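Please treat every number below as a calculation from the coordinates, not as lab data. All values reported here derive from a predicted model rather than from experimental measurement. All Cβ positions, even for glycine, are placed from backbone atoms using ideal geometry, and neighbour counts span all protein chains on display.
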Amino acid sequence: MQLSEFDYHLPEDRIAQQPLEDRAASRMLVVYRKEQRWEDRHFRELPLFLRPGDCLVLNDTKVFPSRLFGCRAGVGALPIGKKNPKRREYLSARVEVFLLQPVMGDLSTWRALVHPAARYGSESG
């Protein structure tokens, strides 16, 4: 499986910037596996879908700004002066970094997803 299989365009206006005032009005996607279909419902309807013995896991983690956008210099690029005609070529590559979890206790090193990405060196896992 390739990470690129999860890439898709999501318009900015479809990304919630703050929770709804009526939290129970939040949308919920219900999947009917046997029938191979799904439908949009509201979170207030969740109890209708729970059965005795089901395990409900709640996630109350805090969200922090973890998506960074920027530009990168070309691989092996030398410092480029303002008047160098190649400057725009090297600095035009856009990059998105999604921080996943800190690797170091001082938060200076993070495990991250980078798009577009290229692997340098070797890492197993």
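Which FRET efficiency, nearest 0.05, do Leu68 and Phe6 yield, Cβ-Cβ r, R0 25 Å?
Working: r = 18 Å, r/R0 = 0.74.
In this case the efficiency is close to 0.85.
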ask   = With labels modelled as points extended 7 Å from the Cα through the Cβ direction, what inter-label distance (nm, one decimal) is found for Leu100 paired with Val30?
value = 3.4 nm
task = Can you check what the Kirkwood hydrodynamic radius comes to for the stretch 25-69, Cα pairs only, in Å to one decimal?
result = 13.4 Å
ask   = For labels at Ser108 and Arg51 in the simple 7 Å Cα→Cβ model, what's the distance in nm?
value = 5.4 nm
